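Worksheet for the structure shown next.
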Amino acid sequence: MLPCNYACRSTDHTVSRRGFLGSALGATAALGLHGFANPASAAELNKSQKRVLVIFLAGGVSQLETWDPKPNTDTGGPFKAIQTSVTGTRISELLPHTAKHAHRLALVRSLNSISDDHGIGESIMLTGRRPEAGISYPHIGAVSAKMLASRESSLPGHIQILPKGGSGFNGGDATFLGPKFASVSLGDGKPPADLFRPANLPAGTDEEREAFRRKLNDRFAKSRKSAATEAYTESYTQAERVVKQAEVFDVEKENPKLTDRYGRHDFGRHLLLARRLLEAGVTYVKVSHSNYDTHHENFDFHIEQLGEFDRPFAALLDDLADRGMLESTLVVVMSEMGRTPRINAQYGRDHWSKAWSVALAGAGIKGGVVVGKTNANGTAVADREVYSGHLFHTYLRAVGLDSTKNFYPNERPVPVADPKASAIEEVLA
């Protein structure tokens, strides 16, 4: 991947490159909050357990080079629009493999996400809300983990796979839902540090250590038991289950032919890991692909970035379908914003939230659908303008949830999704 010297270098934007800095112990404990189901339940999970996969094209992918091309216009750039598997629907020629799966996709081409700021834009897209004073809303990953997690499968509910950076625990994205539903991030797709037993530590010795720890915990609990100590003890107990299922993080266990289809680069490996986690029972996985902040040389960088995205994404859709998982897994391709129709003096596109696109597939989604449109050169929404709140309702409805329900932090009702918005009915099956 080319160096990302074209990005705007804003403080918020650096989040996608640095990862989260939580401790290894915190990451392992956070994974352990839920535990792992036994492998025998995987087939049943595939049939019944709804899951969500968000593919986040960090930095702001260009809608004109992806889902809403405008060839032969003053804003269109050099690329052609190609026919897809859906008659009359065209997308950018940079996505030839994805084009063959358009019958599985619903494209929303009329999104106005309000903010051109990286950090605010990402928050808006992941919470379905504009920022409000006095309250922070949980991300869709935390909401999914809270509302979709199966009692039979107490797997970690909310995992992020980042391009680079350390593994860690990000309590902030669950807000009032609490740390049980916060995300655990896997830097470079690697499992949290200390997940695997050191090679020089015999299994018997490790079991003796754990037995001694449990004995001390039990003794401590008899005299000073509290909610905090119970949570701490539970996290370690459940982390033991994670260790026993650590092979789920090992993509090398996959068939080499399948690995080749995804691609033997970071993004392909991360998507394959996401499928493994979802298949094992994880409720929500977010995979970030960076960096689309193309203020300079937009076209060259989109050739590279989308060249890396296209084939693995098509392989993922095939793989989910082949395993019977696509009908129960909602797949969302989003960014924090789009790119300006106007091409700047550096042959780049700048930040643009007023009229751009997202793609949906899988659970509860009607494939082959295009909702909304922009005007001839993509500078404004011409029909069916929607906001992030509409998308948030749509995500929940697609996986069978009631998006009009309330959460009750401190016994105060807080709507799960923005009550001023509603689902995009045209994309729902």
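The values are calculated or read from the model by the stated rules, or taken from the named source; none is laboratory data. Every value quoted in this text rests on a predicted model; they were computed, and no experiment measured them. As a convention, Cβ positions derive from the backbone with ideal geometry for all residues, glycine included, and neighbour counts pool all protein chains shown. All accessible areas refer to the heavy atoms of the entire protein, side chains included, with ligands and DNA or RNA removed. Shrake-Rupley method; radii C 1.70, N 1.55, O 1.52, S 1.80 Å.
Numbers at a glance
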| read-out | value |
| --- | --- |
| Local net charge near residue 54, Cβ-Cβ under 15 Å (Lys/Arg +1, Asp/Glu -1) | +1 |
| Within the accessible area of the range 294-414 (1.4 Å probe), percent carbon and sulfur | 46 percent |
| Test item: Cα-centred dipole of the range 46-143, Lys/Arg +1 and Asp/Glu -1 on Cβ, debye | 640 debye |
| From phi via Karplus (6.51, -1.76, 1.60), per-residue ³J(HN,Hα) for the range 55-60 in Hz, x at Gly/Pro | 9, 9, 8, 5, x, x |
| Set 100/146; 190/215; 146/286; 190/405 screened for pairs whose C-alpha atoms are more than 24 Å apart | 100/146; 190/215; 190/405 |
| Protection-proxy order for peptides 56-65, 104-113, 182-191, each taking the mean of Cβ atoms within 10 Å per residue, highest first | 56-65, 104-113, 182-191 |
| Pairwise centroid distance, computed over Cα atoms, of the range 340-367 with the range 89-105, Å | 15 Å |
| Net charge, residue 386 excluded, C-beta distance under 15 Å - Lys, Arg +1, Asp, Glu -1 | +2 |
| Label-to-label distance, nm, for residues given as residue 322 and residue 366 (7 Å Cα→Cβ offset) | 3.0 nm |
| Net charge dipole size for the range 301-429 [Lys, Arg +1 and Asp, Glu -1 on Cβ; Debye, nearest 20] | 420 debye |
| Integer Hz, Karplus 6.51/-1.76/1.60 couplings in order for the range 337-344, x for Gly and Pro | 5, x, 10, 4, x, 5, 8, 7 |
